[in-house]
Every structure is written in structure tokens, then in C-alpha cells.
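Reviewing the structure listed below.
The values are calculated or read from the model by the stated rules, or taken from the named source; none is laboratory data. Here the structure is a predicted model, which is why all the values come from computation and not from measurement. Heads up, the Cβs are rebuilt from the backbone with ideal geometry, glycines too, and the neighbour counts pull from every protein chain shown.
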Amino acid sequence: MSTGYQIKDQTSLYYLTFQVVDWIDIFTKSAYREIVIESMKYCQSLKGLQVFAYVIMSNHVHLIANHPNGKLSETIRDFKKFTSRSIIKAIKEGNESRKDWMLDRFLFNGRKHTRNKEYQFWTHENHAVLLYSNSFISEKLEYIHANPVRALIVEQAEDYLYSSARNYAGLPALIDVVLLDQRLITY
């Protein structure tokens, strides 16, 4: 098991990245993004996850989050397990043009690890980086919100619906986030 990016302090603020295996561009379809959004809302309201920033890109998700009750790893594990199962089910039951190819890739990756029963959707890593200073928090917040701009999806970060940049711009957003101190934001 990797030791480079572990969540050591379960209550601290972390920058997290959840990557789809083989960088499969699954979140180009709104149905799969909605599963992530609904699961994030569930984790916020019923599991105590505090989300400060997020973005859902085509094949990965970035978050700035913590868990005041010391259950960050547990909550992330449950989030990834639920979204993985729900998305695999949606692929199987839906009208996905890449169904066979996707399921084959998820099955191939699942067979590489003894922890899996069948499919693997997310990589096992969470790329958890402890946010230890205001400048580092600001850097990661800017990075998250600029992702869709760098990918040429939108011109302005707040125009991307699946990002907390909308929350920070005071626009209607898909989920509520805990706003970080505006003095930290440098862009």
C-alpha cells in the first residue's frame, strides 16, 4: 500500500484527488456527475464531511475537505465505495455507448487487487495533501477552481456548474460548501 499521501490527522484540512482508473473520461456525462454530487451531499448531511471546495472534471474529482469528528478516511472510503457501485450500476443499466469497453477496463483493474470483488472504478489512492498554511490553502483553492478554465471548458471558473467556484462567486451552486476565509483567496 502507498504511504506517500496518507491521511494521518483525521480532523485536519486536506486537498484530495479521486482519480478514475485508467483516467477514463466518465464524468463527461451528467448522470455520473450527479451520482458524485448526491453522494457528496449525503456525506455532508449524514456523515459530517465538511467540503470547502470541489470540482468534478472528466476523470477525477478534487476536494478540500475535513471531518471534525476524525472520520475523514472512513467517510472517503464510504463515498468512493458508494459512487463506484452506483456508477457501475448506472453503466450496466443505462444507455452508455461505451458500456462494454468501460466495464472491461473496470473489471481488468479490479482483478489487479485482492481487495476488489469484481470492478474497480476509483484508484485506491486519495492523493491526500495536508493543507498546513494559508498560502498553501489559497494555492489549492485556486488550482481547484481553475481546473475547468485550464481544460478550456469555460472562460471563467464560476461558469462551471460542477465546481465550488460558483459558491465563492455568490452564484447558485449544486451543493453548499463551507467558504474559506475570503482573505485567503488571491485570484
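Data overview
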item: Residues of segment 21-58 that turn out to be of a type in the set (Lys, Arg) and under 30 Å from Asp104 (Cβ atoms), as a count; result: 2
item: Segment 108-131, residues that are hydroxyl-bearing (Ser, Thr, Tyr) and free of Cβ contacts under 8 Å to residues at least 40 places away in the same chain; result: Thr114, Tyr119
item: Any hit, segment 11-27, residues being surrounded by fewer than 16 Cβ atoms within 10 Å (Cβ to Cβ) and either part of a strand (DSSP E or B) or at pLDDT below 95 (or both); result: yes
item: Conditions (1) in a helix (DSSP H, G or I); (2) without any contact (Cβ under 8 Å) to a residue 12 or more places away in the chain; (3) surrounded by 14 or more Cβ atoms within 10 Å (Cβ to Cβ); number of the one not met by Ala90; result: (2)
item: Which numbered condition His145 misses (of (1) outside any helix (DSSP H, G or I); (2) touching a helix residue (DSSP H, G or I) at 6+ places or on another chain (Cβ under 8 Å); (3) under 24 Å from Tyr14 (Cβ atoms); (4) not charged (D, E, K, R)); result: (1)
item: Residue among Glu118, Glu125 that alone is outside any helix (DSSP H, G or I), over 29 Å from Asp181 (Cα atoms), acidic (Asp, Glu) and modelled with pLDDT under 95; result: Glu118
item: Residue that is farthest from Trp23 (Cα to Cα) [pool: residues in segment 118-135 that are among the hydroxyl-bearing types (Ser, Thr, Tyr) and surrounded by 14 or more Cβ atoms within 10 Å (Cβ to Cβ)]; result: Tyr119
item: Segment 28-55, residues that are touching a residue at least 40 places away in the same chain (Cβ under 8 Å) and of a type in the set (A, V, I, L, M, F, W, C); result: Ala31, Ile35, Val36, Ile37, Met40, Val51, Phe52, Ala53, Val55
item: Enumeration of residues in segment 16-34 that are among the acidic types (Asp, Glu) and either under 12 Å from Tyr162 (Cα atoms) or in contact with a Pro (Cβ under 6 Å, 6 or more places away or on another chain) (or both); result: Glu34
item: Residue satisfying all of: in segment 148-166; in contact (Cβ under 8 Å) with a residue 40 or more places away in the chain and in a helix (DSSP H, G or I); nearest to Thr11 (Cα to Cα) among these; result: Ala165
